[in-house]
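To start, the structure under review is shown below, and the notes come after it.
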Amino acid sequence: LAKTTQPISMDSYEGQEVNITCSHNNIATNDYITWYQQFPSQGPRFIIQGYKTKVTNEVASLFIPADRKSSTLSLPRVSLSDTAVYYCLVGLTIFGAGTRLFVKA
Amino acid sequence: KAGVTQTPRYLIKTRGQQVTLSCSPISGHRSVSWYQQTPGQGLQFLFEYFSETQRNKGNFPGRFSGRQFSNSRSEMNVSTLELGDSALYLCASSLWTSGGASIYEQYFGPGTRLTVT
């Protein structure tokens with residue numbers, strides 16, 4: 001059964017690039033990797049999804065190496081409003097414990 | 001387009017009671033998943049329904065059950081409530097899954113906050 005590991009927390013400053021890595025050693029062949037952002041008292045919000053290599057959208061990039069045992073969410077030029085908890089999800093069923101990102105001015 | 005809606009938003013029940021939570025997915029979405037979120041255990045998968053059929057089930061006791069209707073709306077039921085069932089219950093919907101390789105951009109509702117006393 002896949003298990004995911006993420007850093008518990010990270011600090012950053014406005015304008016910096018933030019990279020959050022999730023390890024998922026036992027990922028199944030069919031599983032996609034999805035990242036979500038969650039603010040207090042809200043449901044998780046979809047950020048980006050990928051299967052392998054690199055995916056980029058208007059808010060983030062996702063890097064997945066060939067062995068797919070980890071994935072890295074990259075947030076370019078973070079702002080104060082990016083302070084939130086970030087979760088990786090492997091397939092449909094395995095969420096990471098979440099990384100609390102705190103962006104400082 | 002309206003998002004995922006969940007009702008009720010807040011609920012207080014006592015031990016031993018049962019509860020039913022409702023989820024209306026985004027129009028056109030056929031897959032609905034349920035998750036439990038607690039400070040101690042984080043986000044845990046409960047089950048997934050697609051076209052009225054349960055396709056996946058998480059590691060929860062049989063007291064937790066669900067169903068999906070022909071209009072894709074879903075309900076989950078928890079019987080014989082325990083204090084440990086206090087949690088935020090989240091519903092997420094997605095458009096589809098494709099064959100053996102799943103592609104699902106899930107949209108979450110705001111959740112139902114259940115407190116068991």
### Task
Just subtract the alpha-carbon distance of A:Arg100 and A:Thr29 from 0.36 nm times their residue separation and send over the number in nm, one decimal.
22.7 nm
### Task
Please work out the Cα center distance from region B:47-95 to region A:65-105, rounded to the nearest Å.
26 Å
### Query
Which chymotrypsin sites (Phe, Trp or Tyr not before Pro) in region A:53-105 pass both tests, a DSSP loop state and at most 11 other beta-carbon atoms within 10 Å?
none
### Task
Please figure out what share of the DSSP beta bridges in chain B is antiparallel and state it in percent, rounded to the nearest 5.
90 percent
### Distance in nm between pseudo-label sites at A:Asp67 and B:Lys57 (7 Å out along the Cβ direction from Cα)
3.5 nm
### Message
I want to make sure I understand the PRE zone here: with the label point 7 angstrom from the Cα of A:Lys52 toward its beta carbon, which residues in region A:11-36 have backbone N atoms less than 13 Å away?
### Response
A:28-32
### Task
Any chance you could list P(r) for chain A, counting all Cα-Cα pairs in 10 angstrom bins from zero, rounded to whole %?
16, 51, 28, 4, 0
#### Entry: Extreme residue, positive dipole direction of the protein assembly as shown, given options A:Val103, B:Gln68, A:Tyr36 (C-beta unit charges)
B:Gln68
### Query
With springs only between Cα atoms under 10 Å, which of A:Asp67, A:Asp82, A:Asp31 fluctuates most in a Gaussian network model of chain A?
A:Asp67
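Computed from the coordinates by the stated procedures, all read-outs in this text should not be read as laboratory data. Everything quoted here is computed from the prediction, not taken from an experiment. As a convention, Cβ positions derive from the backbone with ideal geometry for all residues, glycine included, and neighbour counts pool all protein chains shown.
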